Amino acid sequence: MTSMLTKLVGGRGLNNGLTILIYHRVLADLDPLFPNELTQTQFEWQLSLLAREFNVLPLSEAIDRLEKHSLPPAAAAITFDDGYADNYTLALPLLQRHGLPATVFVATGYLDGGMMWNERVIHCIRTVSIGPVDLQSLGLGVHMVSDAGSRTAVIQHLLGQLKYLEWTAREDKVNEIVSHMQVTLPTDQMMSSQQLRALAASGIEIGGHTRLHPILATLDREQARKEMADGRDEIEALVGYKPQLFAYPNGKPDRDYKREHVELAQELGFSAAVSTAWGCARTGGDQFQLPRFTPWDQSPFRFQMRLAANYRRIGHDMV
């Protein structure tokens, strides 16, 4: 029986391209503030579809075979960014059930109880009581929270204001928000060192993602080098090998990272790097700016349709 993806773009007849999927979290249940975030139920059917329609390879192997013109038809690789605990507790068992490999890019500075800046903001607004949220003293205005939709709108507004601030200024501002709102932050959102070691021991490849996930374009060269090198070295100390792959934080070419950061990834001994530019990686492309993409659709049919469209797209967004 001919599958949907086969009908769309040839299924296992697809050649000379590598689809690299990017994920961040896998949630146990639907999040009312972010209903489009991936749940374990959705991830399971996605994995089933990927196992049926694609030849899913470890990313390192896939990149090597891409350059050697030896990729199997419909080649794909699965990646996760940041190092959330649910990558270990929820995603890993599902990957193992379907026999699929993956690579997890870890920002090591948030292991063992840390929380990324955006998640701290989200937690503050998620847990605040209904009513006005007065952040005027921090230069962030007054916002009304009345329901899930208004919470999401406030979160998106604040993240937009903070995202591209200079790195240390952003950290200071987020810490001010947490202190001002008198919020106690959870300590289990990111993986522990023990979970990371167990993830690596299971066969999941661990890649570099800096230490504290700064937008590299907001740093000077030495700051960027240190972030990239420290994250690399901390991974090596934890899992016993130096990561060969790197993911640029946020990952938009020219916006979040520049040509100098591509050069730094090479200088620091990484063998390849991935961005968040959409597209399908092709033989002869820049191995230090490989595109990634994951459909956000919540039905198998639309998921396949978007995968098919992305397969036809070459990742041109480079610096």
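Could you count how many residues in segment 284-319 are of a type outside the set (Lys, Arg) and under 30 Å from Glu236 (Cβ atoms)?
12
Just one of the numbered conditions (1) touching a residue at least 60 places away in the same chain (Cβ under 8 Å); (2) touching a Leu at 6+ places or on another chain (Cβ under 6 Å); (3) within 30 Å of Ala77 (Cβ to Cβ) is not true of Ala224; which one?
(1)
Glu67: out of contact with any His (no Cβ under 6 Å at 6 or more places or on another chain) and without any contact (Cβ under 8 Å) to a residue 24 or more places away in the chain, yes or no?
For Glu67, the condition - out of contact with any His (no Cβ under 6 Å at 6 or more places or on another chain) and without any contact (Cβ under 8 Å) to a residue 24 or more places away in the chain - is not met.
What residue, of Leu307, Leu245, is open to solvent by less than 20 Å² (accessible area, probe 1.4 Å), of a type outside the set (Val, Ile, Thr), closer than 26 Å to Leu50 by Cα and touching a strand residue (DSSP E or B) at 6+ places or on another chain (Cβ under 6 Å)?
Leu245
Kindly indicate whether any position in segment 128-148 is closer than 26 Å to Gly251 by Cα and either among the basic types (Lys, Arg) or surrounded by fewer than 17 Cβ atoms within 10 Å (Cβ to Cβ) (or both).
Within segment 128-148 (the criterion being closer than 26 Å to Gly251 by Cα and either among the basic types (Lys, Arg) or surrounded by fewer than 17 Cβ atoms within 10 Å (Cβ to Cβ) (or both)), the answer is no, since none of the residues qualifies.
Go through segment 249-264 residue by residue and tally those that are of a type in the set (Phe, Trp, Tyr) and surrounded by fewer than 21 Cβ atoms within 10 Å (Cβ to Cβ).
Result for segment 249-264: 0.
Taking the criterion of being open to solvent by less than 60 Å² (accessible area, probe 1.4 Å), touching a Leu at 6+ places or on another chain (Cβ under 7 Å) and without any contact (Cβ under 8 Å) to a residue 24 or more places away in the chain, would at least one residue in segment 265-280 satisfy it?
For segment 265-280, residues open to solvent by less than 60 Å² (accessible area, probe 1.4 Å), touching a Leu at 6+ places or on another chain (Cβ under 7 Å) and without any contact (Cβ under 8 Å) to a residue 24 or more places away in the chain: absent.
In segment 187-197, how many are open to solvent by 80 Å² or more (accessible area, probe 1.4 Å) and either of a type in the set (A, V, I, L, M, F, W, C) or over 23 Å from Phe34 (Cβ atoms) (or both)?
Qualifying residue count, segment 187-197: 2.
Regarding segment 42-53, can at least one residue be identified that is modelled with pLDDT of 95 or more, closer than 23 Å to Gly251 by Cα, assigned to a helix (DSSP H, G or I) and of a type in the set (Phe, Trp, Tyr)?
yes
Please state which of the following conditions Pro295 fails to meet, knowing it meets all the rest: (1) within 18 Å of Ala62 (Cα to Cα); (2) in contact with a helix residue (DSSP H, G or I) (Cβ under 8 Å, 6 or more places away or on another chain); (3) not β-branched (Val, Ile, Thr).
Pro295 satisfies all of (1) within 18 Å of Ala62 (Cα to Cα); (2) in contact with a helix residue (DSSP H, G or I) (Cβ under 8 Å, 6 or more places away or on another chain); (3) not β-branched (Val, Ile, Thr) except (1).
What is the one condition in (1) at positive phi; (2) part of a helix (DSSP H, G or I) that Leu238 does not satisfy?
So Leu238 meets the others, but not (1).
With respect to Leu14, is the statement that it is in contact with a Pro (Cβ under 8 Å, 6 or more places away or on another chain), hydrophobic (A, V, I, L, M, F, W, C) and at pLDDT below 95 true?
Yes.
Please specify each residue of segment 59-86 satisfying the condition of being open to solvent by 50 Å² or more (accessible area, probe 1.4 Å) and at pLDDT 95 or above.
Of everything in segment 59-86, those that are open to solvent by 50 Å² or more (accessible area, probe 1.4 Å) and at pLDDT 95 or above turn out to be Glu61, Asp64, Arg65.
Contact list please: Cβ distance under 8 Å, first residue in segment 176-194 and closer than 18 Å to Asp81 by Cα, second residue of a type in the set (Ser, Thr, Tyr), pairs at least six apart or on different chains.
As it stands, the answer is Gln189/Tyr84; Met190/Tyr84; Met190/Tyr110; Met191/Tyr84; Met191/Tyr88, since those pairs meet every condition given.
Would it be correct to say that His213 is open to solvent by less than 30 Å² (accessible area, probe 1.4 Å), under 20 Å from the mean Cα position of the chain (by Cα) and not hydrophobic (A, V, I, L, M, F, W, C)?
yes
Please name all residue pairs, on different chains or six or more residues apart, with Cβ atoms under 6 Å, provided the first residue is in segment 202-215 and is touching a residue at least 12 places away in the same chain (Cβ under 8 Å) and the second residue is open to solvent by less than 20 Å² (accessible area, probe 1.4 Å) and aromatic (Phe, Trp, Tyr).
Gly207/Phe105; Gly208/Phe246; His209/Phe105
Just to be sure, is Ala237 of a type in the set (Gly, Ala, Ser), out of contact with any Ser or Thr (no Cβ under 6 Å at 6 or more places or on another chain) and crowded, with 16+ Cβ neighbours inside 10 Å?
When the stated conditions are applied, Ala237 does not pass them.
If you take the residues in segment 149-186 that are part of a loop (DSSP other than H, G, I, E, B) and over 24 Å from Gly207 (Cβ atoms), which one is most open to solvent (accessible area, probe 1.4 Å)?
Selected residue: Gln182.
The values are calculated or read from the model by the stated rules, or taken from the named source; none is laboratory data. None of these values were measured; they are calculated from a predicted model. Cβ: placed from backbone, ideal geometry, glycine included. Neighbour counts: every protein chain shown. Heads up: the accessible areas ignore ligands, DNA and RNA and are worked out on the full protein's heavy atoms, side chains in. Shrake-Rupley method; radii C 1.70, N 1.55, O 1.52, S 1.80 Å.
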